[in-house]
Amino acid sequence: MTPPARPSRSLLRLLLTAYRPQLKGAVLLAALSMLAAVLEVSGITVLVLLGKITADGKTAYTGSVGWLQYPITLSLSQLVAFGIGTVILRLALQLWASWVEARLASDYTRQQRNRLFRRFIESSWESKSDVRSADLQNMLTLNVDYAVSVLSSLSGGISALGNVLVLLTSAMVLNPVFALGIIVTAVLLSLVLRPLSAWAKRAIHRYHDANIIYSREVTQAVMMAREIEVFHVGGEVKQQVEETVERTCKEQHASVLTQKLLVPLYQNFVMLMGFAGLALAAVSGVPHVEILGIVVLILLRISSYTQALQSVYHHAVGKSVFLDALAAAERKHTVGAYRPGTAEVAQIVDLRFDQVSFAYKPETPVLAELSFAIERGETIGVVGASGAGKSTLIKLLLGLHSPQQGQILINGVPLRELSRDSWCRRVAYVPQEPHLISSSVEANIRFYRPDIGLPAIEESARLAYMHDTIAALPKGYQTDLGVQGGELSGGQRQRI
Ligand SMILES: Nc1ncnc2c1ncn2[C@@H]1O[C@H](COP(=O)(O)OP(=O)(O)OP(=O)(O)O)[C@@H](O)[C@H]1O
Ligand SMILES: [Mg+2]
């Protein structure tokens, strides 16, 4: 899993930054759910009025709804038709909202994955080499998935919020005293639950931190499987991982418990307030029983929507670590963006280091005022003590790092002024630890350069004394190295 970063910014700002491109969709979603909520209130009203005329043995409803005191008469068939109409319309709006929600999720995944991967690919070597392979992979899969789950729950939260607002407004129209009671309940509730909420938040963070350590230990155990076998330390590794599992599970227990406790506390508190409200109404006298029925139903709906809002909040808090890590990764790769030159190089005639100095950290210089020249056709070996700077020299030559002082001149042109594409076509590099892509031998030799044809690939394989070995593989140049790369020796892999 990705860095154990704590959200450095407030949750709201974090969410707004993470989902900025999705804001338009979110606004549409809010509008749709508020319309759906208006229809829900209408549905509830029709339901109660139908109940009232059935109980009274009448065929039409006559009366006024709310403090508007506007008298209305509605026949049974009018009420039924209106009720069915609201259901159909609400269903249509909800289906539309679901489509918007799904669209938000897939749009976010596409944008986030493409943007972060593009930043990684386009960033400088300094920035790239700092990334651990499992980290970026987790970032693009796990973190993006978590971010999508937060987005989905936020979409639900937007709908819930829209519903609460409309329901509250309706309650206000129908009976201001009751509506006020609901608002007071909500404020009291948030005050009562605040300490538990904060505790839950801390528990979620501790659980995530523990999880990250656990994930690192497992990744390490898999990567070092051979060393663990050779040094016969499996027992010790197992013990260490089990201790971490124990810590993780303790934190998980606390985090799940606090979240679960919030729900019954919430529900029963609302129930209590409901009792108090109705008792108060009974004492002070209620104008119309149907109004009371509508308001109670609205109250119940509000309570389930606010409960949904609360779980959205906890979900967002719990996953904010991952959103923060995504934002941090993007910031990091933007800083390292690579700015190549434009000069072309057709043939390397002469290569010179002119007073080149380089240090990874300012206090420890690696190369100091290094000058030398290499003529075309020369073969050079670089010899030196371990840590002397041989690999660093190669990295400068490859353009992975740039010298802090002095210049690397190709035919008299500074390396940084050359087009990256042009320079890379003149350079070959065999790393000490070769990696193969999971594709055919042909694709591995071509390595994403579509203009290199099969004859050139075979020719280079002959030059590297690999042609006969490749021809002897089950499918020759088409053999999949993802499956059979393991059958090649280290030297054979290097030569591919
Ligand atoms: N990414 C890095 N960040 C900071 N310091 C580094 C980094 N890579 C190498 N160094 C330091 O720079 C110095 C030169 O390293 P370099 O890898 O060039 O040595 P080398 O000559 O190739 O050694 P070896 O023969 O052991 O491969 C070393 O002291 C090393 O500690
Ligand atoms: Mg080296």
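The values are calculated or read from the model by the stated rules, or taken from the named source; none is laboratory data. From a predicted model like this one, the values you see are computed outputs, not experimental measurements. All Cβ positions, even for glycine, are placed from backbone atoms using ideal geometry, and neighbour counts span all protein chains on display.
Brief remarks follow.
- Close contacts from segment 72-83, counting a first residue that is within 14 Å of T59 (Cα to Cα) and a second that is hydroxyl-bearing (S, T, Y) and surrounded by 13 or more Cβ atoms within 10 Å (Cβ to Cβ), with Cβ to Cβ under 6 Å and a gap of 6+ residues or different chains, come to L74/Y61.
- Segment 360-374 - residue that is β-branched (V, I, T) and either away from ligand 2 (no atom under 13 Å from the Cβ) or in the same structural domain as W125 (by TED's automatic domain parsing) (or both) and, of those, nearest to Q407 (Cα to Cα): I374
- Residue in segment 162-170 that is surrounded by 15 or more Cβ atoms within 10 Å (Cβ to Cβ), more than 36 Å from the chain's Cα centre (by Cα) and assigned to a helix (DSSP H, G or I) present: yes
- Some residue of segment 393-406 being of a type in the set (G, A, S), part of a loop (DSSP other than H, G, I, E, B) and within 16 Å of ligand 1 (Cβ to nearest atom): yes
- Only one entry in D354, D324 is away from ligand 2 (no atom under 16 Å from the Cβ) and more than 30 Å from the chain's Cα centre (by Cα), namely D354.
- If the condition is being closer than 14 Å to T45 by Cβ and surrounded by 17 or more Cβ atoms within 10 Å (Cβ to Cβ), then segment 84-98 contributes T86, R90.
- Single unsatisfied condition, G377 versus (1) farther than 23 Å from V131 by Cβ; (2) away from ligand 2 (no atom under 14 Å from the Cβ); (3) surrounded by 11 or more Cβ atoms within 10 Å (Cβ to Cβ): (3)
- Residue pairs meeting the criteria (Cβ under 8 Å; at least 6 apart or on separate chains; first within 23 Å of V413 (Cα to Cα) and away from ligand 2 (no atom under 11 Å from the Cβ), in segment 384-401; second modelled with pLDDT of 90 or more and among the basic types (K, R)): H401/K395
Listed here are the residues, each with its yes/no results for (1) under 22 Å from A428 (Cβ atoms); (2) assigned to a helix (DSSP H, G or I); (3) within 16 Å of ligand 1 (Cβ to nearest atom); (4) out of contact with any strand residue (DSSP E or B) (no Cβ under 9 Å at 6 or more places or on another chain).
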{"position": "I294", "(1), (2), (3), (4)": "no, yes, no, yes"}
{"position": "F322", "(1), (2), (3), (4)": "no, yes, no, yes"}
{"position": "A328", "(1), (2), (3), (4)": "no, yes, no, yes"}
{"position": "K332", "(1), (2), (3), (4)": "no, yes, yes, no"}
{"position": "R352", "(1), (2), (3), (4)": "yes, no, no, no"}
{"position": "S371", "(1), (2), (3), (4)": "no, no, no, no"}
{"position": "G377", "(1), (2), (3), (4)": "yes, no, no, yes"}
{"position": "G381", "(1), (2), (3), (4)": "yes, no, yes, yes"}
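- Condition check for V430: under 30 Å from Q355 (Cα atoms), touching a residue at least 60 places away in the same chain (Cβ under 8 Å) and over 42 Å from the mean Cα position of the chain (by Cα): no
- Residue within segment 119-130 that is touching a residue at least 40 places away in the same chain (Cβ under 8 Å), touching a helix residue (DSSP H, G or I) at 6+ places or on another chain (Cβ under 6 Å) and surrounded by 21 or more Cβ atoms within 10 Å (Cβ to Cβ) present: no
- Contact map, segment 203-232: residues that are over 17 Å from L142 (Cα atoms) and not assigned by TED's automatic domain parsing to the domain that holds V245 paired with residues that are surrounded by fewer than 17 Cβ atoms within 10 Å (Cβ to Cβ) and at pLDDT below 90, Cβ distance under 9 Å, separation 6+ or inter-chain. No pairs are found.
- The listed residue being buried (at least 16 other Cβ atoms within 10 Å of the Cβ), touching a residue at least 40 places away in the same chain (Cβ under 8 Å), of a type outside the set (A, V, I, L, M, F, W, C) and more than 16 Å from ligand 2 (Cβ to nearest atom), out of G406, G412: G406
- Among the residues of segment 51-62, none qualifies, meaning not one is crowded, with 18+ Cβ neighbours inside 10 Å, outside any helix (DSSP H, G or I) and in contact (Cβ under 8 Å) with a residue 60 or more places away in the chain.
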